[in-house]
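Notes to accompany the following structure.
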Amino acid sequence: MNFHILTIPQIPTTREYSSFPFNGIILNFCDMLMNNNQNVYYYGHEENDIRGTETINIIPKDFYYNNFSKENLKYSSHARDNNNPVIDKFDSEVHLRVNERLTTDDIVLAFYGFEHYEICKKINCINVEPSIGYEHTFSANKIYASNSHLSISVGSPSNSKSPTDVVIPHMFRKEDFVYESEKDNYILFLGRICIDKGCHIIDKLCSDLGFKLKVAGPECGYKFKCNYEYVGNVGIEERCNLLSKAKALIAPTQYFEPFGQIVIEALLSGTPVITTDWGAFPETNIHGVTGFRCNTYEDFVNAIESIDIIKPSQCRLEGEKYLIENLQDRYLNYMEYILKYYANKYK
């Protein structure tokens with residue numbers, strides 16, 4: 001099979017910029033395809049960590065940094081700005097480069113949802129949105145990251161599920177995480193520092209219970225009042241170390257989390273997780289096994305006081321279910337199904 005990978009133009013596709021969640025998803029997907037002898041054509045940045053059959057340089061490195069500031073780039077998602085020359089160059093050229101390379105058994109992978117819609121309209125082959133954890137979709141062929149998000153997206157009589165909509169979780173690489181069974185005495189929050197992520201709940205818990213709290217991530221409006229340690233917007237190495245040594249990761253997200261990659265990252269580090277009990281968390285956090293799911297403030301108090309009963313080895317075991325080697329067959333089987341489903345349409 002031939003896979004045509006559309007990048008996200010506003011940030012280079014490298015592991016250095018891992019705070020942008022789409023980067024890890026794209027890189028891991030390409031690794032999976034190359035591990036299975038598929039043809040991978042990446043359309044995007046000169047600066048990239050892609051393993052592929054061919055990388056098509058649409059966004060030269062110098063051109064990119066003339067239009068985007070490198071300062072703090074590794075910690076920023078750089079919201080899409082359609083007036084930026086980088087975005088305009090990518091949007092106007094990528095379909096031409098893809099159409100030049102189309103043969104048979106081609107699939108375009110549109111990782112950025114509706115932002116890739118206009119591009120895909122100009123490419124005469126099957127497209128798939130392969131990692132949906134967002135709201136605005138366009139493709140007839142969609143892979144959702146969780147059953148919860150699929151249910152929210154299509155769970156109404158007027159918007160029924162397509163036969164080419166499936167659920168397959170995100171994939172992770174084993175080598176990106178360090179397993180630690182011996183933990184330091186701190187609880188970690190890693191994410192956007194805002195009320196939506198439940199920071200006000202963490203703040204009160206820390207004040208009431210007096211545990212050591214480390215906070216990492218971009219400041220997005222919420223100011224902690226408790227005694228805590230802010231470690232900043234961390235890079236890959238420090239992120240890995242924080243996750244592996246934490247007594248627990250806490251993620252009291254208030255909205256319906258579409259997947260929550262940080263939970264799997266913690267489990268692969270052998271770290272228990274404390275989450276809310278909605279969104280994707282009931283699928284990724286097994287109550288009493290990998291941590292605790294909470295509905296009330298009292299639930300969070302009990303979870304923190306009981307966290308020592310959760311075994312790091314069991315967390316790691318559950319996290320390994322999300323490794324590339326354990327999910328790749330589901331993705332490849334879906335892609336083969338899609339090609340058969342549309343046989344004779346793109347001839």
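Laboratory data are not the source of any read-out in this text; all were calculated from the coordinates shown. Keep in mind that what you see is a predicted model, and the values were worked out from it rather than measured. Methodologically, a virtual Cβ is constructed for each residue, glycine included, from the backbone with ideal geometry; neighbour enumeration extends over all protein chains shown.
Listed highest first by mean packing, meaning other Cβ atoms within 10 Å per residue, what order do 286-298, 135-147, 328-340 come in?
The densest-packed peptide leads the list: 135-147, 286-298, 328-340.
Using 0.36 nm per residue, how much length does the chain from residue 219 to residue 295 gain when fully extended, once their Cα-Cα distance is taken away?
Roughly 24.8 nm would be gained on extension.
With a cut-off of 19 Å, note down the residues of region 99-114 whose backbone N falls inside the zone around a label point 7 Å from the Cα of residue 162 toward its beta carbon.
The answer is 105-114.
Can you show me the helix-derived [θ] at 222 nm for the chain, built from DSSP H runs with n ≥ 4 at -39,500 (n - 2.57) apiece and divided by the number of residues, rounded to the nearest 500.
-10500 deg cm²/dmol
Identify all aspartates and glutamates with a Cα-Cα distance to residue 122 below 18 Å; exclude those on the same chain that are fewer than 8 residues away in sequence.
Hits, sequence-local ones excluded: 88, 91, 93, 100, 105, 106.
Using a 7 Å offset from Cα along Cα-Cβ at residue 15, what residues in region 238-277 end up with backbone N under 12 Å from the label point?
Counting only backbone N, you get 240.
Could you work out how much longer the chain between residue 277 and residue 46 gets when fully extended? Use 0.36 nm per residue separation minus the Cα distance between them, nm to one decimal.
79.0 nm
Evaluate the chain: find the radius of gyration of its Cα atoms, find its Kirkwood radius, and give the ratio Rg to Rh.
Over the Cα atoms of the chain, Rg/Rh equals 0.98.
With +1 on each Lys and Arg Cβ and -1 on each Asp and Glu Cβ, how big is the dipole of region 174-322 about its Cα centre, in debye rounded to the nearest 20?
Rounded to the nearest 20 debye, it is 180 debye.
Can you tell me the alpha carbon radius of gyration of region 174-322 divided by the globular rule-of-thumb value 2.2 N^0.38 Å?
With N residues counted in region 174-322, Rg over 2.2 N^0.38 Å equals 0.93.
Given contacts defined as C-alpha pairs under 8 Å and at least six residues apart, what's the relative contact order of region 174-322, whole-number percent?
Relative contact order, region 174-322: 24 percent.
So if I place +1 on the C-beta of Lys and Arg and -1 on the C-beta of Asp and Glu, and nothing else carries charge, what would the dipole magnitude of the chain be about its Cα centre? I want it in debye, nearest 20.
320 debye
With a 4.7 Å Cβ cut-off, tell me which Cys residues in the chain come up empty for a partner.
30, 120, 125, 199, 240, 294, 315
Only Cα pairs under 8 Å and at least 6 apart count here; give the relative contact order of the chain as a rounded whole percent.
Across the chain, relative contact order equals 14 percent.
Taking R0 as 30 Å, what FRET efficiency do you get between residue 37 and residue 326 from their Cβ-Cβ distance, rounded to the nearest 0.05?
E between residue 37 and residue 326, to the nearest 0.05, is 0.95.
List residues of region 269-285, by number, whose backbone nitrogen lies under 15 Å from a label position 7 Å along Cα→C-beta of residue 212.
So the set is empty, nothing qualifies.
If I fit a long axis through the Cα atoms of helix 21-35 and take the longest principal axis of the Cα atoms of the chain, what angle between them do I get, 0 to 90°, rounded to 10?
Roughly 60 degrees between the two axes.
Using the alpha-carbon atoms, what tilt in degrees (0 to 90, nearest 10) does helix 297-306 show relative to the longest principal axis of the chain?
Once rounded, the angle reads 80 degrees.
Please find the FRET efficiency linking residue 313 to residue 62, where r is the Cβ-Cβ separation and R0 is fixed at 35 Å, and quote it to the nearest 0.05.
0.15
Please turn the phi angles of region 47-56 into ³J(HN,Hα) values with the Karplus equation 6.51 cos²θ - 1.76 cosθ + 1.60 (θ = phi - 60°), one per residue in order, whole Hz, x for glycine and proline.
Going residue by residue, I get 8, 7, 10, 6, 8, x, 6, 8, 10, 9 Hz, with x marking Gly and Pro.
Ranked highest first by average number of other Cβ atoms within 10 Å, how do 259-272, 214-227 line up?
So the order, starting with the most tightly packed, is 259-272, 214-227.
Relative to the first principal axis of the alpha-carbon coordinates of the chain, what is the inclination of helix 236-245, with its axis defined by its Cα atoms, in degrees from 0 to 90 and to the nearest 10?
40 degrees
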